[in-house]
1. Pop a pseudo-label 7 angstrom from the Cα along the beta-carbon direction at both residue 71 and residue 14 and give the gap in nm to one decimal.
2. Got a number for the accessible area of residue 276? Probe 1.4 Å, square angstrom, nearest 10.
3. Determine, from the Cβ-Cβ distance of residue 177 and residue 35 and an R0 of 41 Å, the FRET efficiency 1/(1 + (r/R0)^6), rounded to the nearest 0.05.
4. Please list the non-local residues whose amide H lies under 5 Å from the amide H of residue 96, H modeled 1.01 Å from N, same-chain partners needing a gap of 5 or more.
5. Helix 131-143 versus the longest principal axis of the chain: what angle, 0 to 90°, nearest 10, using Cα atoms?
6. Output ³J(HN,Hα) for segment 187-195: one whole-Hz value per residue in order, computed from phi by the Karplus curve 6.51 cos²θ - 1.76 cosθ + 1.60 with θ = phi - 60°, and x for Gly and Pro.
7. Once the other residues with Cβ under 12 Å from the Cβ of residue 23 are scored (Lys, Arg +1; Asp, Glu -1), what is the net sum?
8. So, with +1 on the Cβ of K and R and -1 on the Cβ of D and E, and no other charges, what is the size of the charge dipole of segment 205-255 about its Cα centre, to the nearest 20 debye?
Amino acid sequence: MLKLGIIGQPLTHSLSPVLHATLMHLLKVDGEYRKYELKPQELDKAIASFARDGLRGLNVTIPHKVAVMPLMDALSPEAELAGAVNTIVFEQDGSRKKGHNTDIAGFIRSLPDRFTDRAAEENVLVLGAGGSARAVLTGLIQLGIASITFAVRDPQKAVPLLSHAEVIKQAYQANTKTATVSLFSLPSLESFTGLINTTPIGMWPEDGQSPLTPIQLETLPAGALVYDLIYRPTETRLLQDAKALGLHPVNGLDMLLYQGVCSFELWHGQPVPPNVIPPVRAQLLQSLSKDVS
Ligand code: NAP
C-alpha cells in the first residue's frame, strides 16, 4: 500500500488530499493520503516516526518548507536551488529521506506552450518576491527566459532573491537578465511579454482586489501572458481584467495540479499518463466550487 500524506499548518483548505486520492483512484493504486497538522516544534520527531511507519512520501507546505531541509539526508538540485522542500521521498524503507521541490517543475509544466516555445524572447514581470517567487524564478531561469523583473513594494526585500538568481543562472548556464522595480512606480508594461502575480492580492477571501489597474494592464502587448498563481478564486480580478483586454489569462490551478503530479510520480515511480490530467483538474475545480459556496 502506498502510504502518503501532507504536513503543514493549517491544512483545512488543502486540495492535495483530493488531488492524490483522485490520482490513486484513476490509476488503480492501492494507497492513502492523509493530512498531518504539525507545529514547527513537532517536525523533527514526526518525520522520524513517518519513516518508521512505512510512509513512502509526504508533501510539505507552509510553514515547514524550509524547516524540513536540514532533516533530509539528501536534497534534489531543484530543492537546493529553490531553498525549499515541498516533497519528501522516504527511500530504502525509510532509512533515507530525500527532499525535492516539485513547485518548479509544476510551474514549468503549467505554462502554455506558446510561452515556453519562445522562452528566449520572453521578458517577464513578476509581482512579489516571496516563497513562490523563488520557485517561479528558478523555473523561468531553467527555461532560459530573456529577462525577469521583480516588482515589489519594498525593493530591499528582493535583494536576497536577486543575488540567489546569480547562483541559479550559473547552475543552468543561463543568460537571463534580472532586475527589481518598485511596485508603486511601475513604468509602462509594453516591454513585457508576460506578467506573473506571486502576491496574495486577489486571493479569497479578499477577492475583488488586483495588484495592477486595468490602465496599467492595457500597456502590455497584445496576447501577453497574465499568470496569477492564485487559484482560489479561479478567476481573480487581475485575470478578469486581462481577459477583458484580450490578454492571455492563466490561473494557478495547473501549477498546483502539476506539482502534485510531479510529487506522485516521484513516490509511485511511474509517469502519470496525460489522459488522467483532465479528470483530476475537474475534481479540483469541483472541490474549489464547494469550498467557496
Ligand atoms: P509569501 O512568501 O508571503 O510572498 C508574498 C509576496 O507578496 C511577498 O513578496 C510580499 O511582499 C508580497 N505582498 C503581499 N501582500 C502584498 C501587498 N498587499 N502589496 C504588495 N505586495 C504584497 O507568499 P507565497 O508563498 O509566495 O504565496 C503567494 C501567493 O501564491 C499566494 O496567493 C499563494 O496562494 C499562491 N501560491 C500558489 C501556488 C500554486 O501552486 N498555484 C503555489 C504557491 C503559492 P512583502 O515581503 O513586502 O510582504
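The values are calculated or read from the model by the stated rules, or taken from the named source; none is laboratory data. Computed from a predicted model, the values in this text were never measured in an experiment. Quick reminder, even Gly has a Cβ in these numbers, built from the backbone with ideal geometry, and neighbours come from all protein chains shown. Surface accessibility is based on the protein's heavy atoms, side chains included, excluding ligands, DNA and RNA. Shrake-Rupley method; radii C 1.70, N 1.55, O 1.52, S 1.80 Å.
1. Modelled inter-label distance: 1.2 nm.
2. 10
3. Efficiency, rounded to the nearest 0.05: 0.50.
4. Those lying under 5 Å, H to H, from residue 96 are 91.
5. Here the helix axis deviates by roughly 80 degrees.
6. x, 4, 9, 5, 8, 9, 9, x, 10
7. Charge balance in the 12 Å sphere: +1.
8. Dipole about the Cα centre, nearest 20: 60 debye.
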